[in-house]
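The values are calculated or read from the model by the stated rules, or taken from the named source; none is laboratory data. Just so we're clear, the structure is a prediction, and the values are computed from it rather than from any experiment. Because the Cβ atoms are built from the backbone with ideal geometry, glycine has one as well, and the counts that use them run over all protein chains shown. Note: areas computed on protein heavy atoms with side chains; ligands, DNA, RNA excluded. Shrake-Rupley method; radii C 1.70, N 1.55, O 1.52, S 1.80 Å.
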Amino acid sequence: MKRTVLINVTPGIEKTVKRLISLSSFLSVRQRENGLGHLPCGTARSYLTSIFNPALIRTVFLWASGTPFLTLTTEITSIPEGSIVRCITRLDETCREAAGAGKIMGDPNLVQKMEEAAKLIRRDICFASSLYL
């Protein structure tokens with residue numbers, strides 16, 4: 001996997017991304033060792049490479065911190081608005097799924113963290129019932 005460079009992110013975010021990359025490499029090795037390298041998604045590492053784009057990490061972090069959408073799209077990133085909205089709504093889905101998993105596993109801390117994260121991102125234009133207001 002090519003080296004991922006994260007610009008202007010907190011040390012905690014950078015540490016988490018590095019851990020994610022490390023875990024995907026670990027899972028890729030385990031898949032091959034157990035004859036699972038033929039999965040439709042390839043290996044965990046190739047799957048991560050195909051879906052992981054660190055370009056929006058700072059943007060989503062700033063969104064969760066309360067930065068207005070206009071500021072994000074005019075001063076922070078040149079990524080199209082629709083891609084930002086899609087990323088944030090997918091993150092909300094991921095938070096809900098992780099909270100559900102936390103409930104099943106009996107992990108109230110995970111549930112609380114995911115619900116708090118979802119609350120921080122679920123606002124304004126990204127979650128308007130219609131974009132034609």
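Quick look at the numbers
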quantity	calculated
Principal-axis tilt of helix 11-33 within the chain, Cα atoms, nearest 10 degrees	30 degrees
Per residue solvent-accessible surface (Å²) - the chain, probe of 1.4 Å	70 Å²
MRE, 222 nm, helices only [DSSP H, n ≥ 4, -39500 (n - 2.57), over the chain, to nearest 500]	-19500 deg cm²/dmol
Dipole magnitude of the stretch 32-96 about its Cα centre (Cβ charges: Lys, Arg +1; Asp, Glu -1), debye to nearest 20	180 debye
0 to 90° range, to nearest 10: angle between helix 81-105 axis and the chain longest Cα axis	60 degrees
Percent accessible area from carbon and sulfur atoms, the chain, protein chains only, probe 1.4 Å	58 percent
Positive-end residue of Ile57, Ser78, Phe127, charge dipole of the chain with Cβ unit charges	Ile57
Thr67-Ala128 FRET efficiency (beta carbon distance; Förster radius 25 Å; 0.05 resolution)	0.90
